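The values are calculated or read from the model by the stated rules, or taken from the named source; none is laboratory data. These numbers were taken from a predicted model, which means no experiment stands behind them. All Cβ positions, glycine included, derive from the backbone under ideal geometry; neighbour counts span all protein chains shown. Surface areas here come from the heavy atoms of the whole protein model, side chains and all, with no ligands, DNA or RNA. Shrake-Rupley method; radii C 1.70, N 1.55, O 1.52, S 1.80 Å.
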Amino acid sequence: MRRLLSAVFPRASAKALRSAAFLTLLLVLVAHGFCFTNLTYSGASVMLNAAKGSSAQISSGAFLLPIYWRIRGAIASPLWVGLLSAAYLSLASALICGLLNLSSPYLIAMLSGAMALSPSVLAAFAGSIHTADSLFLAVLLAVCAVALCLRVRAGALLGALVLAGAQALDRCALAFFLSLTALCLLQSLLSDDEETPRAVLRRAVRALLCAALGMVLYGGGFLLFLRRFGLDLEASLQAPAGKGLVGAWLYPFRLLFQPLTIYTHVGAVLHALLIALGAFAFFKRLPRLKGRASLVTLLLLIFPLLINLPAFSTLPADQTSMPYVLLDALLVVLLQAAFEFSVDERHLAYRLGSIALGVALLGTTFFANQVYLKKALEFDSTLSVMTRVIARAEAEPEFELGNTPVALVGSIEDSDVSAVHEGFEKLDVLDVARNNYAAVDDEGNTWYMWEVMGYPFNLVDAFTLDQLAARDDVRAMPAFPAEDCCRMLDGTLVIKLSDIDQEVFGWD
C-alpha cells in the first residue's frame, strides 16, 4: 500500500495523508455525533427502508443505489450511516491532500475542516440522513477518478469507469470531478515544478476525455437499468443554482455571504476576509507565473461554474452541495503557491487563514447541532400527533384495522397544531430545516405511518387521495384537531389533517 501511494502521490508524505484522514474522521464524529446517535429523520428520510424507493432512485439517475443498499443494508441506521460517512470523507480528504501535495499542518487542517464541517455536509445529514453515506461514497469515488486520470499512466479508462459509478450514486460526482481536476491543474500551474503549460493542457484534455467517456458509460448503464426494470425515464438536466450564466457564476459566492452559521454577520465578514486573502495570494504569485498567467486566470474564472454545474436528476438544484467544499480547497491552493518560499509570511498567512476558516466552520458546527436538535424535536412531535391521529381513526365505529381504506388529506405541517419552535426561527435559512414536523406531505404521511409507527393503515393511492381532497364535502370538513376531522365517506375513512391549498388542484 505504501509503495502504491508513493507511486500515485510521489511528493506527498504518508504522515500528511494520515493526518488529513484522522483529523477529518475526528471532526465528522465530534461535530455530527448528535445526528448519528438520535432520531433526526424528516422529509424523505422517514422512509427508513431505502430499498423501498429503488424504482424512483433508478428513474432519477442514481441507478446504483439499490445495489449499494444490498451491500450496506437497506435500513438506515443513523450510527452506521454516520460511521460510513466519516470513513468515506476521511479517505477522500487524504486523497485530496495527496493530489494537492499538502504538507503544512495549517493547510491540512483547513482542508479537513472544510471536508468535515462545511454547510454541504450539514445539509446532507440534516436533509437525507438515510442516504447521506451514498453521497459521500460518490465524492470518494470522484476523487479516486481524478487520481487515476491525472496520476496513473493509462488510468483514464479506469477513471472513467469509476466516475460513471460515482455519478450513478449521486448527481454531484461530475461537478466534483471537474472542480477537483481544475484545482490540481491550478496547483501545477502555480508551482515552480518542471511541468510546462502544454503538459498541463494535455492533462486537462485527458481529464475532459475521461469525463466524457465516464458520462457515456453512465448513460449506457442508466438505459440498461431502465430497460431491465421496465421503468420510464424521469430524470432531466436540471438548471444550476442561480438565474442564468452570471447568476450561476455568482451563486457560490452569494452562499459565502449568506453563511449557514450562528455568527451570521461575523461569518460574512470572515468569508470576505478569506476571499481577500485568496485574492492577495493570487496577485502576489501572479508576477512569477510568466506564460502561465492566462491559463491560471481562465481556470479561476470558470471554477465557480464547475462547482455549480447543471445536474441530471429529477430534483432541482440543491441549496448547497459537496462541490462547494472545494472553494475552501481553492484558498488552500492559492495560499500554498503564494507563500511557499517565505517562512515568515507563510506562517502569518497560514495562521490567518486557519483561524478565519476555523471560526467560520465553528459557527457552522454550532448551527448544525441546533438543526439536528430541531430535527429530533420534529420527529418526537410528529410521533405525538400521529398517535393522536390513529386514536381518532380507531374511535370511528365503522373503522376496521387493515381493511378500511384510509385517506390522510393534507399534512400536519400545514395544520393548526403546527408551530415554529421558539428560538429556532433563524434555522429557516437552511432549506431542509424549515419544517415543523418530520412528515410534511402525502408521501411523508405514508412512510411515517408505515415505516416509523409500524401501523397497518390501508392508505389509499395518490390518485384516489387527490380525488377525495377535491370533493366539496371534504373541503368543508374541519381540519385536525377538530372533533369532526374524521368521517366515513363511501366506505373510506377520511382524516383531514389540514386545509388544502386550492391552487394545488388547479381550482379557481
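For Ser381, the conditions (1) outside any helix (DSSP H, G or I); (2) without any contact (Cβ under 8 Å) to a residue 60 or more places away in the chain; (3) under 25 Å from Ile495 (Cα atoms) all hold with the exception of (1). Does Thr364 count as outside any helix (DSSP H, G or I), β-branched (Val, Ile, Thr), touching a residue at least 12 places away in the same chain (Cβ under 8 Å) and buried (at least 16 other Cβ atoms within 10 Å of the Cβ)? Criteria not met by Thr364.
Residue under question is Leu26, and the condition is that it be in a helix (DSSP H, G or I), modelled with pLDDT of 90 or more and under 30 Å from Asp380 (Cβ atoms); does it hold? Criteria met by Leu26.
For residues in region 384-399 being part of a loop (DSSP other than H, G, I, E, B) and touching a residue at least 12 places away in the same chain (Cβ under 8 Å), which is least open to solvent (accessible area, probe 1.4 Å)?
So the first thing to find is which residues in region 384-399 are part of a loop (DSSP other than H, G, I, E, B), and the list is 395-399.
Add one more test, that the residue is touching a residue at least 12 places away in the same chain (Cβ under 8 Å), and what stays is 395-396, 398-399.
Working: Ala395: 75, Glu396: 47, Glu398: 126, Phe399: 27 Å².
By that ranking, first place goes to Phe399.
Can you confirm whether region 40-63 contains a residue that is open to solvent by 30 Å² or more (accessible area, probe 1.4 Å), assigned to a loop (DSSP other than H, G, I, E, B) and farther than 10 Å from His130 by Cβ? No: region 40-63 contains no residue that is open to solvent by 30 Å² or more (accessible area, probe 1.4 Å), assigned to a loop (DSSP other than H, G, I, E, B) and farther than 10 Å from His130 by Cβ.
Checked against (1) part of a loop (DSSP other than H, G, I, E, B); (2) modelled with pLDDT of 85 or more; (3) surrounded by fewer than 19 Cβ atoms within 10 Å (Cβ to Cβ); (4) not small (Gly, Ala, Ser), Ile302 meets all criteria but (1).
Residue under question is Ile71, and the condition is that it be modelled with pLDDT of 90 or more, at negative phi and open to solvent by 30 Å² or more (accessible area, probe 1.4 Å); does it hold? Step through it out loud before you land on a result.
Details: modelled with pLDDT of 90 or more: yes; at negative phi: yes; open to solvent by 30 Å² or more (accessible area, probe 1.4 Å): yes.
Criteria met by Ile71.
May I ask you to verify whether Pro405 is open to solvent by 10 Å² or more (accessible area, probe 1.4 Å), more than 31 Å from the chain's Cα centre (by Cα) and under 21 Å from Val46 (Cβ atoms)? Criteria not met by Pro405. Residue count for region 148-172 satisfying the condition of being open to solvent by 10 Å² or more (accessible area, probe 1.4 Å) and closer than 14 Å to Leu99 by Cβ: 4. Every condition in (1) outside any loop (DSSP other than H, G, I, E, B); (2) under 22 Å from Pro66 (Cβ atoms) is met by Ala204 except one, and the failing one is (2). From the residues in region 206-260 that are free of Cβ contacts under 8 Å to residues at least 24 places away in the same chain and charged (D, E, K, R), which one is nearest to Asp428 (Cα to Cα)? In this case the residue turns out to be Arg254. Only residues that are of a type in the set (Ser, Thr, Tyr) and either assigned to a loop (DSSP other than H, G, I, E, B) or modelled with pLDDT under 85 (or both): list them for region 308-349, please. Result: Ser313, Thr314, Thr320, Ser321, Ser342. Just to be sure before I move on: is Arg292 open to solvent by 20 Å² or more (accessible area, probe 1.4 Å), over 24 Å from the mean Cα position of the chain (by Cα), modelled with pLDDT under 90 and more than 28 Å from Ile262 (Cβ to Cβ) in the structure I sent? So Arg292 passes the test. Going by the conditions given, is Leu89 modelled with pLDDT of 90 or more, within 21 Å of Ala31 (Cβ to Cβ), in a helix (DSSP H, G or I) and open to solvent by 30 Å² or more (accessible area, probe 1.4 Å)? No. Scan region 226-270 residue by residue and report those that are among the aliphatic types (A, V, I, L, M), open to solvent by 30 Å² or more (accessible area, probe 1.4 Å) and not in a helix (DSSP H, G or I). Hits for region 226-270 are Leu231, Leu233, Leu237, Ala239, Ile262.
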